[in-house]
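I have placed the structure first, in the form of structure tokens, so that the comments after it can refer back to it.
The values are calculated or read from the model by the stated rules, or taken from the named source; none is laboratory data. Not measured: the values here are computed from a predicted model. Don't worry about glycine lacking a Cβ; one is built from the backbone with ideal geometry, like all the others, and counts go over all protein chains shown. To get the accessible areas, we keep the full protein, side chains included, count just its heavy atoms, and leave off ligands, DNA and RNA. Shrake-Rupley method; radii C 1.70, N 1.55, O 1.52, S 1.80 Å.
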Amino acid sequence: MTSAPNTINAWNEWTENTSFSPGLEVITQKVITHTRISDEEALLLFNEAPLSLLSMLADTVRTRKNGNKT
């Protein structure tokens, strides 16, 4: 299952206006491309990611797994 076009557009718009550490950018790309993150990357998210990034990543994974249902 692929990400919905509106999700991709939201990511593109949000990431153009936001800057984060290179490690967080790598994790974001992994989530977008359906790649599993490592334990170390999970800790980086926990310690450094802003809540806005965490919510976007979580919603992306939730939508991919369950569709646009809540």
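Below is a table of values for the structure above.
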{"read-out": "Looking only at the stretch 2-14, and only at residues there that are in a loop (DSSP other than H, G, I, E, B) and surrounded by 11 or more Cβ atoms within 10 Å (Cβ to Cβ), the one that is modelled with the lowest pLDDT", "value": "Ser3"}
{"read-out": "Criterion violated by Ser38 - all others in (1) over 20 Å from Glu13 (Cα atoms); (2) in contact (Cβ under 8 Å) with a residue 24 or more places away in the chain satisfied", "value": "(2)"}
{"read-out": "Filter result for the condition that a residue is among the β-branched types (Val, Ile, Thr), at pLDDT below 95 and open to solvent by 50 Å² or more (accessible area, probe 1.4 Å), over Thr28, Thr70", "value": "Thr70"}
{"read-out": "Some residue of the stretch 15-25 being at pLDDT below 90, within 11 Å of the chain's Cα centre (by Cα), surrounded by 13 or more Cβ atoms within 10 Å (Cβ to Cβ) and farther than 22 Å from Lys65 by Cα", "value": "yes"}
{"read-out": "Hits in the stretch 34-59 - residues which are open to solvent by 80 Å² or more (accessible area, probe 1.4 Å), on the phi < 0 side of the Ramachandran plot and not basic (Lys, Arg)", "value": "Asp39, Glu40, Leu43, Phe46, Asn47, Glu48, Leu51"}
